[in-house]
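The values are calculated or read from the model by the stated rules, or taken from the named source; none is laboratory data. Being a predicted model, the structure only gives us computed values, none of them experimental. Cβ placement follows ideal geometry from the backbone for every residue including glycine, while neighbour counts extend to all protein chains displayed. Quick note on the areas: whole protein, heavy atoms, side chains included, nothing else; ligands and nucleic acids left out. Shrake-Rupley method; radii C 1.70, N 1.55, O 1.52, S 1.80 Å.
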Amino acid sequence: MIPIAQPIISDEEIAEVVKVLKSGFIAQGPKVAEFEEKFAEYIGVEHAVATTSGTTALHVALMALGIEKGDEVITTPFSFAATANSILFTGATPVFADINSQTYNINPQKIQEAITDKTKAIIPVHLYGQPANMGPIRKIAEEHNLWIIEDAAQAHGAQYQDQMVGSLGDIACFSFYPTKNMTTGEGGMITTDSDELADTARMLRSHGEGERYKHTILGYNFRMTDIAAAIGLVQLKRLDGFTKSRIENAEYLTTHINTIEGITPPFVLDKVKHVFHQYTVRVENGRRDDVKDFLTGLGIGTGVHYPKTIYNQKLYQGLGIGGNCPQAEKAASQVLSLPVHPGLSTEDLTEIVDLLEEASEKFFQ
Ligand SMILES: Cc1ncc(COP(=O)(O)O)c(C=O)c1O
């Protein structure tokens with residue numbers, strides 16, 4: 001079986017975790033501080049604030065910006081539900097703008113059309129590891145005085161016009177879930193250049209405390225452990241190597257898939273560095289699930305990211321939050337992610353291409 005995702009943990013991560021466990025200091029402490037410092041340096045921002053997950057990072061980021069009930073936040077409906085759920089946590093309302101059919105990322109024109117006098121912020125997602133089209137998004141945000149929260153959960157190390165994602169808006173959020181480009185088990189990180197937002201985020205992730213036992217605002221316990229940070233520090237050192245393999249694997253797949261009938265490989269904008277968290281193809285003629293079942297039956301792990309738009313989820317229907325995003329709905333019925341992770345061998349890549357060719361012959365000829 002070739003898995004769709006695979007965390008890559010070496011003896012070094014294991015040794016670092018053992019050191020932390022033996023140190024007696026296992027909750028948020030010096031390792032978290034070091035991880036934050038190194039991560040901020042890697043992204044090229046002033047501050048990084050570690051949390052328990054990408055979801056709690058988004059929740060804290062929105063709260064730090066003062067997003068609350070009555071506000072609207074524009075985002076994509078074609079993402080993991082956590083993106084929009086974080087808006088719900090604050091009491092604000094997610095408003096869904098359709099995607100670009102080639103990149104699957106939010107379409108700036110559709111953001112423009114969704115703005116009302118209640119709009120306070122935009123959450124672009126750098127889906128599958130490809131940066132959203134941040135130039136036009138930043139222009140819209142400036143013109144309408146809106147915050148930008150980057151959802152960079154899938155895009156560690158990706159770049160837009162040579163600038164790191166995580167440094168392209170007011171605040172950004174990363175996830176370190178095991179399937180992500182780097183992991184801490186569970187974990188998240190907020191990045192920002194703003195001293196004020198970073199201070200507020202630090203308070204929100206730890207009971208609203210500026211100083212111990214002085215609770216100024218209502219906060220949570222969203223603290224990362226030193227155990228997780230020890231893993232993250234090693235993974236961060238290895239990240240550029242992981243990214244290089246992901247890009248090479250994606251290039252191999254695209255070169256060979258380009259000529260396969262019925263399957264459209266990912267489209268990459270020229271001004272970006274796509275870090276291929278997912279390698280996602282489009283399968284035509286309503287045959288996505290047939291191709292998926294065929295590959296699964298022959299031992300190739302696949303994924304559908306995502307089978308439904310967020311507003312078509314029961315939760316959102318129950319809340320009466322809808323959307324009209326035909327491109328996102330079409331993508332939800334056609335996309336299929338194939339393995340692209342750094343654990344793949346040349347034989348694995350050849351096998352994926354061969355079986356995809358067989359699938360194409362079976363379902364498209
Ligand atoms: C786009 C996106 N946003 C947010 C999240 C939430 O991250 P986490 O699973 O770490 O809470 C994820 C990952 O699962 C994601 O893919």
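Tabulated results
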{"quantity": "Subset of the range 34-46 [open to solvent by 40 Å² or more (accessible area, probe 1.4 Å) and out of contact with any helix residue (DSSP H, G or I) (no Cβ under 8 Å at 6 or more places or on another chain)]", "calculated": "Glu37, Glu41, Gly44"}
{"quantity": "Residue match in the range 191-205 (condition: in contact with a helix residue (DSSP H, G or I) (Cβ under 9 Å, 6 or more places away or on another chain), in a strand (DSSP E or B) and either within 11 Å of the ligand (Cβ to nearest atom) or closer than 22 Å to Lys273 by Cα (or both))", "calculated": "yes"}
{"quantity": "Count of the range 316-339 residues which are open to solvent by 60 Å² or more (accessible area, probe 1.4 Å) and within 18 Å of Ile74 (Cα to Cα)", "calculated": "7"}
{"quantity": "Which listed residue, of Ile231, Ile171, is within 16 Å of the ligand (Cβ to nearest atom), out of contact with any Phe, Trp or Tyr (no Cβ under 6 Å at 6 or more places or on another chain) and open to solvent by 20 Å² or more (accessible area, probe 1.4 Å)", "calculated": "Ile231"}
{"quantity": "Test: residue in the range 47-61 that is open to solvent by 50 Å² or more (accessible area, probe 1.4 Å), in contact (Cβ under 8 Å) with a residue 24 or more places away in the chain and either away from the ligand (no atom under 14 Å from the Cβ) or part of a loop (DSSP other than H, G, I, E, B) (or both)", "calculated": "no"}
{"quantity": "Count of the range 293-315 residues which are open to solvent by 20 Å² or more (accessible area, probe 1.4 Å), of a type in the set (A, V, I, L, M) and under 19 Å from Ala84 (Cβ atoms)", "calculated": "2"}
{"quantity": "Pair list, Cβ under 8 Å, 6 or more apart: the range 340-365 residue of a type in the set (A, V, I, L, M, F, W, C), other residue outside any helix (DSSP H, G or I) and open to solvent by 40 Å² or more (accessible area, probe 1.4 Å)", "calculated": "Leu355/Leu298; Phe363/Asn285; Phe363/Arg287; Phe364/Glu261; Phe364/Glu284; Phe364/Asn285; Phe364/Arg287"}
{"quantity": "Criterion: at pLDDT 95 or above, under 25 Å from Gln154 (Cα atoms), open to solvent by 30 Å² or more (accessible area, probe 1.4 Å) and not in a helix (DSSP H, G or I) - qualifying residue of Ile14, Ile8, Ile26", "calculated": "Ile8"}
{"quantity": "Test result for Ser86, at pLDDT 95 or above and assigned to a loop (DSSP other than H, G, I, E, B)", "calculated": "no"}
{"quantity": "Per-region count, the range 113-138, residues among the small types (Gly, Ala, Ser), closer than 23 Å to Thr243 by Cβ and more than 14 Å from the ligand (Cβ to nearest atom)", "calculated": "1"}
{"quantity": "Scope the range 209-241; condition part of a loop (DSSP other than H, G, I, E, B) and aliphatic (A, V, I, L, M); matching residues", "calculated": "Ile217, Leu218, Met224"}
{"quantity": "Candidate set from the range 66-104 (those that are out of contact with any helix residue (DSSP H, G or I) (no Cβ under 7 Å at 6 or more places or on another chain) and among the hydrophobic types (A, V, I, L, M, F, W, C)); member that is nearest to the ligand (Cβ to nearest atom)", "calculated": "Phe80"}
{"quantity": "For Gly297: the one exception among (1) free of Cβ contacts under 8 Å to residues at least 60 places away in the same chain; (2) small (Gly, Ala, Ser); (3) closer than 30 Å to His156 by Cβ", "calculated": "(3)"}
{"quantity": "Whichever residue in the range 174-190 is within 8 Å of the ligand (Cβ to nearest atom) and either hydrophobic (A, V, I, L, M, F, W, C) or surrounded by fewer than 24 Cβ atoms within 10 Å (Cβ to Cβ) (or both) and, among such residues, is farthest from Ile8 (Cα to Cα)", "calculated": "Glu186"}
{"quantity": "Single match in Tyr128, Tyr177 (criterion: among the aromatic types (Phe, Trp, Tyr) and part of a loop (DSSP other than H, G, I, E, B))", "calculated": "Tyr177"}
{"quantity": "Filter pass, Ile148 being outside any helix (DSSP H, G or I), touching a helix residue (DSSP H, G or I) at 6+ places or on another chain (Cβ under 6 Å) and away from the ligand (no atom under 14 Å from the Cβ)", "calculated": "yes"}
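Here is a yes/no grid of residues against (1) within 30 Å of Lys120 (Cα to Cα); (2) within 16 Å of the ligand (Cβ to nearest atom); (3) under 20 Å from the mean Cα position of the chain (by Cα):
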position	(1), (2), (3)
Glu12	no, no, no
Ala15	no, no, no
Phe35	no, yes, yes
Ala40	yes, no, yes
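For (1) assigned by TED's automatic domain parsing to the domain that holds Tyr160; (2) open to solvent by 10 Å² or more (accessible area, probe 1.4 Å); (3) outside any loop (DSSP other than H, G, I, E, B), each residue gets a yes or a no:
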position	(1), (2), (3)
Ile247	no, yes, yes
Ala250	no, no, yes
His256	no, yes, yes
Val268	no, yes, no
Asn285	no, yes, no
Val291	no, no, yes
